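Engineer: Supplied in structure tokens, the structure appears directly below.
Bear in mind that the values in this text are calculations on the coordinates, not laboratory data. Here the structure is a predicted model, which means the values were calculated and not measured. A quick note on method: Cβ atoms are made from the backbone with ideal geometry, for glycine too, and the neighbour counts reach across all protein chains shown.
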Amino acid sequence: MLGTFGPIALFLVVALIFPIIPLFLSRFLAPHRPNPVKLEPYESGMETIGPTHVQFPIRYYLYALIFVIFDVEIIYLFPWALVYDKLPVVAAAEMAVFIVLLLVGLAYAWRKRAFEWQ
């Protein structure tokens, strides 16, 4: 059993160690010279006008989340479109089910008025 899962375990160990070592090394080797001017927030190299912490409405995040969800799901349609003429009927039916699920998600977001801007 170790012979079967050994390469996977080795891969996981290397995948964990590889990013952790540079993080620890940078903590010890990088110069630590805090400068109060560099720690100030700025807008395009200029001093800020007004408060520097502005809360964005949740609608921005909702639009971004819906965009990402549908964008990633549409990526799955691209390989099907490339080999559409060579697909069996079962694959075309699966593609139809996938598109119906996308449309159900779109209808749900529309019904919940997620696309209305107030």
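Engineer: Determine, yes or no, whether residue 64 is under 30 Å from residue 96 (Cβ atoms) and not basic (Lys, Arg).
Structural biologist: The answer is yes for residue 64.
Engineer: Continuing with this model, one more query. Look at residue 32 and say whether it is closer than 30 Å to residue 113 by Cβ and more than 20 Å from the chain's Cα centre (by Cα).
Structural biologist: For residue 32, the condition - closer than 30 Å to residue 113 by Cβ and more than 20 Å from the chain's Cα centre (by Cα) - is not met.
Engineer: Suppose we keep only residues that are part of a helix (DSSP H, G or I) and of a type in the set (S, T, N, Q) within the stretch 1-58. Which one would you say is surrounded by the most Cβ atoms within 10 Å (Cβ to Cβ)?
Structural biologist: Applying the filter and picking the extreme gives 26.
Engineer: Another one. For the stretch 87-99, name all the residues that are out of contact with any helix residue (DSSP H, G or I) (no Cβ under 6 Å at 6 or more places or on another chain) and more than 16 Å from residue 69 (Cβ to Cβ).
Structural biologist: Of everything in the stretch 87-99, those that are out of contact with any helix residue (DSSP H, G or I) (no Cβ under 6 Å at 6 or more places or on another chain) and more than 16 Å from residue 69 (Cβ to Cβ) turn out to be 87, 88, 89, 90, 91, 92, 93, 94, 96, 97.
Engineer: So, one more: Looking only at the stretch 81-118, count how many residues are part of a helix (DSSP H, G or I), free of Cβ contacts under 8 Å to residues at least 12 places away in the same chain and hydrophobic (A, V, I, L, M, F, W, C).
Structural biologist: 15
Engineer: If you go through the stretch 59-78 one residue at a time, how many are loosely packed, with under 10 Cβ neighbours inside 10 Å and part of a loop (DSSP other than H, G, I, E, B)?
Structural biologist: Counting residues in the stretch 59-78 that are loosely packed, with under 10 Cβ neighbours inside 10 Å and part of a loop (DSSP other than H, G, I, E, B) gives 0.
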